[in-house]
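J.: Provided herewith is a single structure, encoded as structure tokens, for subsequent inquiry.
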Amino acid sequence: MSEKKKSPDQKAKEAIMNLYHILGKEPWLVAKVAATPGVLYGAFHSDGVSIYKFDKIQPILTQSHEWKHFREVSVDFFSMRTVIVLKGESHGTTIIMQEKGKELVSLLRSNTSITVHVIDRPWWRKI
């Protein structure tokens with residue numbers, strides 16, 4: 001696919017993946033996360049999550065959170081987003097994922113010691 005046909009999302013995700021390749025790390029996944037204004041991208045990897053803003057040329061790190069600072073996570077699935085609430089001893093953070101939420105839950109369960117609590121609700125309350 002040529003550069004002209006790639007969407008801004010594809011360009012941003014590829015730039016973040018290239019950055020991690022240069023750093024010698026392999027992210028589990030790169031997904032769009034909610035932000036106001038604009039769009040941010042979360043790179044989830046074995047050490048934690050790094051949140052990037054993409055400025056049409058390169059990713060710019062805006063936040064970074066390490067898994068070792070959190071003891072549990074609650075996950076709430078909605079129809080168009082997944083709300084991830086990370087809770088630790090000294091602080092917590094909320095990440096609103098616009099894609100790949102279920103994939104992240106599986107990765108957290110298999111690759112970290114964080115206790116994962118999925119909030120169960122009927123499908124009609126997820127809208």
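The values are calculated or read from the model by the stated rules, or taken from the named source; none is laboratory data. Just so we're clear, the structure is a prediction, and the values are computed from it rather than from any experiment. Every residue, glycine as well, gets a Cβ built from its backbone with ideal geometry; the counts of neighbours run over all protein chains shown. Side chains are part of the model used for accessible areas, which takes the heavy atoms of the whole protein and leaves out ligands, DNA and RNA. Shrake-Rupley method; radii C 1.70, N 1.55, O 1.52, S 1.80 Å.
J.: Looking at GLY92 and the list (1) at pLDDT 90 or above; (2) more than 25 Å from ALA15 (Cα to Cα); (3) open to solvent by 40 Å² or more (accessible area, probe 1.4 Å), which single condition is not satisfied?
T.: The single condition GLY92 does not satisfy is (1).
J.: Can you pull out the residues in segment 76-108 that are in contact (Cβ under 8 Å) with a residue 60 or more places away in the chain and over 16 Å from TYR41 (Cα atoms)?
T.: If the condition is that a residue be in contact (Cβ under 8 Å) with a residue 60 or more places away in the chain and over 16 Å from TYR41 (Cα atoms), then LEU107 is the only one that fits.
J.: Still on this structure, I have one more. Residues in segment 15-30: is at least one part of a loop (DSSP other than H, G, I, E, B), closer than 18 Å to VAL105 by Cβ, open to solvent by less than 70 Å² (accessible area, probe 1.4 Å) and without any contact (Cβ under 8 Å) to a residue 60 or more places away in the chain?
T.: Of the residues in segment 15-30, the ones part of a loop (DSSP other than H, G, I, E, B) are 24-28.
Then keep just the ones that are closer than 18 Å to VAL105 by Cβ; that gives 27-28.
Next cut, open to solvent by less than 70 Å² (accessible area, probe 1.4 Å) only: 27-28.
Next cut, without any contact (Cβ under 8 Å) to a residue 60 or more places away in the chain only: 27.
Yes, segment 15-30 contains at least one residue that is part of a loop (DSSP other than H, G, I, E, B), closer than 18 Å to VAL105 by Cβ, open to solvent by less than 70 Å² (accessible area, probe 1.4 Å) and without any contact (Cβ under 8 Å) to a residue 60 or more places away in the chain.
J.: Right, another one. Which one of these does LYS102 not meet: (1) surrounded by 14 or more Cβ atoms within 10 Å (Cβ to Cβ); (2) of a type in the set (Lys, Arg); (3) under 20 Å from ASP9 (Cα atoms)?
T.: (1)
J.: Only one of these conditions is not met by ARG121: (1) closer than 23 Å to GLN10 by Cβ; (2) loosely packed, with under 14 Cβ neighbours inside 10 Å; (3) modelled with pLDDT under 90. Which number is it?
T.: (1)
J.: Of the numbered conditions (1) within 20 Å of ASP9 (Cβ to Cβ); (2) open to solvent by 40 Å² or more (accessible area, probe 1.4 Å); (3) within 15 Å of the chain's Cα centre (by Cα), THR82 satisfies every one except a single condition; which is it?
T.: (2)
Here's the yes/no breakdown for (1) over 17 Å from the mean Cα position of the chain (by Cα); (2) assigned to a loop (DSSP other than H, G, I, E, B); (3) more than 24 Å from SER7 (Cβ to Cβ); (4) in contact (Cβ under 8 Å) with a residue 24 or more places away in the chain:
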position	(1), (2), (3), (4)
TYR52	no, no, no, yes
SER74	no, no, yes, yes
SER110	no, no, yes, no
TRP124	yes, no, yes, no
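J.: With respect to the numbered conditions (1) in contact (Cβ under 8 Å) with a residue 12 or more places away in the chain; (2) open to solvent by 30 Å² or more (accessible area, probe 1.4 Å), which one is the sole condition not fulfilled by LEU61?
T.: For LEU61, the failing item is (1).
J.: Also: Identify, by number, the condition in (1) closer than 21 Å to VAL39 by Cα; (2) without any contact (Cβ under 8 Å) to a residue 40 or more places away in the chain that GLU66 doesn't meet.
T.: So the condition that GLU66 fails would be (1).
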